[in-house]
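Working notes for the structure below.
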Amino acid sequence: MKVGIVIFPGTNCDMDTYHALKIVGLKPVYLWHKEHDLKDVDLVILPGGFSYGDYLRAGAIARFSPIMREVVDFANKGGYVLGICNGFQILLEAGLLPGAMLPNITNSFICKEVYLEVLNNNNFFLRRYSKGEIIKMPIAHKEGRYYISQKELEELKENNQIVLKYFGENPNGSIESIAGIINKRGNVMGMMPHPERAVELFLGSQSGINLFLSFLDEE
Amino acid sequence: MGVFGLREEEIKHAIKVLGREPNDLEWSVISVIWSEHCSYKHSRKYLKEFLTKAEWVEQGPGENAGIINLGDGYRIVFKIESHNHPSAVEPFQGAATGVGGIVRDILALGARPIALLDSLRFGPLNKGRNKYLFEGVVGGISFYGNCIGVPVVGGEIVFEECYSSNPLVNVMCIGLLTPDQKSYRGRAEGEGNLLLLVGAKTGRDGLQGASFASEKLDEEVHKKRPSVQVGDPFLGKLLIEACLEAASLDGIIGIQDLGAAGLVSALSESARRGKSGVELILDNVPQREENMSAEEILLSESQERMLLVVRPEKIDKVIEVFRKWDLEASIIGKVISKERFVVYFKGEKIVDLPTELLVEGSLIFDPPYTPYEVPSISSDLYNSIKEEHIANFVEVLVEDLLIKESIYRKYDYSVQTNTILPPGLGDSAVLRIKGTNKGIAITTDGNGRYCYLDPRKGAIYSVAEACRNILCVGGRPLGITDGLNFGDPSDPKVFYQFREVVKGINLASRVLEIPVVSGNVSFYNGQGENTIYPTPIIGMVGILEDINYLITPGFKKPGNLVYLIGDLSWLSLGGSRFIKDIFNKVVGDVPWVDLIWERKLKLFWEEIRKEKGILLSAHDVSEGGLLATFLEMAFWGNRGVRVDLPDDKIEYLVGEGSGIVVEVEREGEREFLERLGKYALKAIKIGEVTDNEFVISPYIKTTLSELFKRR
C-alpha cells in the first residue's frame with residue numbers, strides 16, 4: 001500500500017509516523033499542506049502535532065488548507081484516512097467524523113501511557129487486533145475530551161463506530177471513555193492515542209504495530 | 001536611551017579605545033553588549049580555567065553550544081541557559097521564551113533539537129507569588145516544548161525559601177547531528193556575503209532585556225514587563241524546520257540565533273568570530289510595528305529570529321525555503337572585511353564601531369570576595385530527632401514522587417520516539433539514537449543548599465552526582481554544560497561563592513575527565529535583601545555505545561542482593577533534605593566527597609556496564625539519603641526491599657553522601673565483588689529485594705501497597 005503523511009505547518013509527529021511505517025517495511029511519502037496532489041496514495045495519515053499552532057481551536061485552521069480539500073474528496077470516494085491526535089481533531093473539524101474535542105477535564109496537557117480496549121476490530125484499520133483486546137500506547141494532548149450529542153452517540157453505538165475506548169482510567173474525561181471512532185463506511189478513523197509511539201518494545205509498548213501492519217496486506 | 005547601566009570607568013574606557021565620544025545610539029549599542037548578560041565581565045576571567053578539550057569534543061565554549069562526538073558521524077550538541085529574570089516578572093512567557101531561546105542556540109549549530117531538560121527552583125508554594133510563578137513556569141515550558149515537538153525528558157524541581165520571588169529557570173537543550181548533516185558556527189566571514197534575517201518580524205518587545213537581566217530585581221518587578229519577550233512556539237517550530245532544510249543546502253557560511261541584545265549581539269559576535277565586519281541596512285529589517293526607531297530595531301529582542309550568512313549566488317535558493325514555510329527572509333546587509341559594526345538607517349550611517357570593542361573590549365571586573373561562616377548542626381537539634389520525624393519524612397518523600405510524576409505528565413516526553421527512560425523514572429533520561437545501536441544519557445544536577453554551606457565542595461558534589469547519574473543508567477559521561485546562578489557579584493560573599501563554585505567544577509571536571517563544552521552565567525538573582533543560594537546546575541551528557549548497556553533503577557527480582565557501593569560512614573546530615581524538611585534548617589558540613597574514589601567508581605562502572613546481567617538495577621544516594629534511594633527503587637520497580645542498617649546512627653538512613661545502591665543476583669555476586677576489588681572500591685551488602693515488604697530495620701516496617709496506596 002502507498003501511504004501518504006500530510007505535513008501541516010506545526011505538525012510534529014510526521015517523522016515518528018514515517019519511522020513506524022518504515023519499521024513495518026513501508027515507504028511512505030510526505031504530502032505538503034499547500035499542494036493539491038495526493039501522489040496516488042492508497043491511504044492518507046493526518047499525524048499529530050499543533051497544526052497552525054492550534055490557534056483558534058485544535059485542528060480548526062488546518063481543515064481549510066489546500067490539501068484537505070483533496071483529502072475530503074479522497075475520503076468521500078472511499079479512500080482510507082487515519083487521523084492521529086491532532087489529525088483526529090482535524091477530521092472532526094473537517095466533518096469527516098462526527099463529534100468534537102474539548103479541553104481535557106484536567107485542563108492541562110497530559111502525556112502518559114494509557115490502556116485501550118478494542119471494541120470493534122471489524123474494520124480495515126484494526127482487523128489485526130482481536131475484539132476486547134487490551135492494548136497500551138501513549139497519549140499526548142491538551143484537547144482530547146471527545147464530546148458528541150446523545151442522539152449522535154446512540155447512532156455511533158448502533159453502527160459500532162466506537163472502535164477504541166480508554167480502559168480503566170479515562171484520562172481526559174471523554175464521553176463514554178471514547179478514544180477512537182470510525183465513520184459508517186469504515187474508511188476514515190480517528191484516534192487520540194499515538195500508535196506510532198508504540199511500535200518498539202524498548203520504548204514501552206509494541207501495541208501500535210498491528211495497526212501499521214494492516215496497511216501491508218491490502219492488495 | 002544613550003548610556004545605561006555602565007560605570008564611569010567603562011564610559012571612560014569606551015571613549016579612550018574609540019578615540020572619540022560615541023553618539024547616543026552607539027552608547028545604547030555599547031551599553032547592551034557590555035551588560036553582564038552579554039559580556040560576562042565578572043565571570044569571563046574565571047571560566048577560562050575550565051577543562052574544555054577532549055578527544056571527543058568537537059566544539060567547546062565560545063559558540064552557541066558545544067558539540068561532542070558519538071562516533072560513526074553522529075554528534076550531540078548541547079547547552080544550558082537560564083531565563084530567571086523574565087520568569088520572575090512574567091513566568092509563563094519568561095519560561096516559554098527560555099525554551100525557545102535555547103532551542104535556537106542548538107539550531108544555530110545546524111542540529112535538530114531532540115530533547116529538553118528543565119532545572120527549576122521556586123520558593124515554597126504556600127507563600128506569596130510562588131504558586132503563580134511555579135504554575136506559570138511549568139505551563140510556559142509545556143506550552144512551548146509540546147508545540148515544537150521536542151520532548152521534555154528530565155530536570156529537577158526544588159523548593160527553597162531563598163528562591164521566593166526569584167525563581168531559577170534553567171533549560172538545557174540537546175541536539176543531534178546525523179552523519180549527513182553539516183555543523184555550523186555563528187560566523188560572518190567572506191566579504192560580500194549576505195546577512196539574511198529569517199523568522200519573525202521585529203517588534204518592540206524585549207527592549208533592554210539583556211540589561212534588565214544584568215541588574216537586581218526590585219519590588220517594582222512587575223513594571224519590567226515590557227522587558228520580557230513573547231514567545232510563539234508555532235513560529236518556533238516553523239523556524240526549526242525551515243532552518244534545518246536551509247542548512248542542508250550549499251552556500252551557508254554561518255548561522256547565529258538572535259537572543260539577548262538582538263541584532264547587536266548576533267551581528268557583532270558573528271563578525272568577531274569570523275574576523276570580519278558587518279554592514280547593516282536597518283530599513284531592510286521587517287518590522288511588526290510602525291515607525292520603529294533605529295534603536296528599537298537594533299535592540300529588540302523579538303523571538304523566533306535567526307541570522308544566516310549566505311553566499312550571494314545561493315541566496316535565492318535559501319530564501320525560497322523560508323518562503324515555503326511562510327517565514328520572513330530579508331537581506332539586511334553584508335559582510336565587510338574591515339572589522340567594524342556599521343549600521344545605516346534612512347540613508348545615513350548611524351553606527352560605526354570596531355567589533356573588537358564590542359565583543360571582547362569590555363572591562364573585566366574582579367571584585368573583592370570574602371568567605372563566610374555557616375552554622376553547624378547543634379547537638380540540641382541532633383538529639384531532638386525522634387521516630388515520628390522519620391515517619392513524616394517518609395510521607396514527604398512519597399508525596400514528592402507523586403508530585404513529580406504529575407508534573408512530568410504535563411510535558412510531552414515521548415514525541416520523536418526516542419525516549420527509553422522517561423523523566424522522573426531514573427537518575428538520567430535515556431534516548432536512543434535512531435539508525436544506530438547507540439543511546440545517550442542526560443541529566444541535570446544542582447544542590448543549592450550544599451553550595452551555600454560550602455560552595456567549592458557543593459560544586460564538586462554536583463559534578464560527581466551528575467557523573468554517577470549518567471553511570472547509573474549505563475552511560476559513560478562525555479561532557480558538561482554548566483548553568484551558574486548567583487546573586488549580586490558586587491557582594492563579596494557572592495563573589496566568593498562564584499569563585500569557589502568555579503574552582504569546584506573545574507577540579508571535579510578535570511579529575512573525572514569530563515570537559516565543560518558550554519554554559520551560562522546568571523548574576524543578580526534575588527530581590528532586595530534576599531539573595532539566592534549559589535546554584536550551579538550541572539548538565540551532563542553521556543553515551544551508551546550500545547543501548548543494551550541500559551540499567552534501570554527499579555528493583556527487579558525478589559531474592560536478589562542489595563549492595564551499597566560506598567560507605568555508610570560517608571553519609572551526613574549536613575545540608576540534608578531531612579534536616580531542611582523536618583526542622584527547616586540548612587546547617588552543617590556538606591557530605592564528604594572524594595574525587596579519587598569517584599574516578600575509580602567511574603572507571604569500574606564504564607567496564608562493568610558492558611557485562612549484561614551483573615548490575616540489575618542501580619540508583620545513586622542523593623537527597624533524602626538511603627531512605628529516598630530505597631523508596632524510589634521500590635516505587636519504580638514495584639518491588640519491596642528488606643534492609644538491615646546498624647542502629648547507632650540516623651545518618652545511615654537519611655544522611656546524604658556519595659554512593660550507589662545496586663541490585664545483583666546471587667549467582668553474580670562473586671564476579672561483582674571481584675571486579676570491585678580490582679578497582680579497590682568498597683561495597684557492603686545491606687539487604688535483599690522482596691515482593692511487597694518494605695523494611696529498613698530498625699526504622700521502618702511496612703509494605704509497598706501501604707506506602708504508595710495513593711498511586
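Taking residue B:38 as meeting all but one of (1) open to solvent by 20 Å² or more (accessible area, probe 1.4 Å); (2) hydrophobic (A, V, I, L, M, F, W, C); (3) under 20 Å from the mean Cα position of the chain (by Cα); (4) under 30 Å from residue B:437 (Cα atoms), write down the number of the exception. Exception for residue B:38: condition (4).
So for the range B:278-301 (the condition being open to solvent by 40 Å² or more (accessible area, probe 1.4 Å) and either under 30 Å from the mean Cα position of the chain (by Cα) or within 17 Å of residue B:184 (Cα to Cα) (or both)), does at least one residue qualify? No, the range B:278-301 contains no residue that is open to solvent by 40 Å² or more (accessible area, probe 1.4 Å) and either under 30 Å from the mean Cα position of the chain (by Cα) or within 17 Å of residue B:184 (Cα to Cα) (or both). In the range B:418-434, of all residues being over 20 Å from the mean Cα position of the chain (by Cα), within 10 Å of chain A (Cβ to nearest Cβ) and in a loop (DSSP other than H, G, I, E, B), the one that is surrounded by the fewest Cβ atoms within 10 Å (Cβ to Cβ) corresponds to B:434. A single member of A:102, A:96 is surrounded by fewer than 20 Cβ atoms within 10 Å (Cβ to Cβ) and over 14 Å from residue A:38 (Cβ atoms), and it is A:102. Based on this model, can you work out whether residue A:41 counts as in a loop (DSSP other than H, G, I, E, B) and away from chain B (no Cβ under 12 Å)? Yes, satisfied. Any residue at all in the range A:57-70 that is closer than 18 Å to residue B:240 by Cα, of a type outside the set (A, V, I, L, M, F, W, C) and open to solvent by 10 Å² or more (accessible area, probe 1.4 Å)? No, the range A:57-70 contains no residue that is closer than 18 Å to residue B:240 by Cα, of a type outside the set (A, V, I, L, M, F, W, C) and open to solvent by 10 Å² or more (accessible area, probe 1.4 Å).
Of all residues in the range B:265-290, those that are modelled with pLDDT of 95 or more have Cβ atoms under 8 Å from Cβ atoms of residues that are among the hydroxyl-bearing types (Ser, Thr, Tyr) and open to solvent by 50 Å² or more (accessible area, probe 1.4 Å), 6 or more apart or on another chain, in B:276/B:337; B:277/B:337; B:279/B:344; B:280/B:344; B:281/B:344; B:282/B:344; B:283/B:344. When we screen B:169, B:153, B:158 for residues that are over 27 Å from residue B:323 (Cβ atoms), within 14 Å of chain A (Cβ to nearest Cβ) and part of a strand (DSSP E or B), the only hit is B:153. Test residue A:87 against the stated conditions and say whether it is surrounded by 24 or more Cβ atoms within 10 Å (Cβ to Cβ), more than 15 Å from the chain's Cα centre (by Cα), in contact (Cβ under 8 Å) with a residue 40 or more places away in the chain and within 29 Å of residue B:409 (Cβ to Cβ). No; evaluated as a whole, the condition is false for this residue. Scanning the range B:1-35 for residues that are open to solvent by less than 30 Å² (accessible area, probe 1.4 Å), within 33 Å of the chain's Cα centre (by Cα) and farther than 14 Å from residue B:261 by Cα turns up B:6, B:10. Scanning the range A:7-17 finds no residues that are away from chain B (no Cβ under 11 Å) and either open to solvent by less than 20 Å² (accessible area, probe 1.4 Å) or at pLDDT 95 or above (or both).
Counting only strands (runs of 3 or more DSSP E) that fall entirely inside the range A:119-219 and contain at least 1 residues that are at positive phi, within 14 Å of chain B (Cβ to nearest Cβ) and open to solvent by 70 Å² or more (accessible area, probe 1.4 Å), no element qualifies.
Scanning the range B:398-417 for residues that are in contact (Cβ under 8 Å) with a residue 60 or more places away in the chain and surrounded by 23 or more Cβ atoms within 10 Å (Cβ to Cβ) turns up B:411, B:412, B:413, B:414, B:415, B:416. Hey, among the residues in the range B:357-412 that are more than 30 Å from the chain's Cα centre (by Cα), among the charged types (D, E, K, R) and assigned to a helix (DSSP H, G or I), which one's farthest from the other protein chains (Cβ to nearest Cβ)? The selected residue is B:380.
Against the test of being surrounded by fewer than 24 Cβ atoms within 10 Å (Cβ to Cβ) and among the hydrophobic types (A, V, I, L, M, F, W, C), the options B:125, B:117 yield a single qualifying residue, B:125. Taking the range A:18-38 as the range and being open to solvent by 10 Å² or more (accessible area, probe 1.4 Å), assigned to a strand (DSSP E or B) and closer than 19 Å to residue A:215 by Cα as the test, the residues that pass are A:29, A:30.
The values are calculated or read from the model by the stated rules, or taken from the named source; none is laboratory data. All values reported here derive from a predicted model rather than from experimental measurement. Counting neighbours? That spans all protein chains shown, and the Cβs are built from the backbone with ideal geometry, glycine included. The protein model used for the area step is the full one, side chains on, heavy atoms only, and it has no ligands, DNA or RNA in it. Shrake-Rupley method; radii C 1.70, N 1.55, O 1.52, S 1.80 Å.
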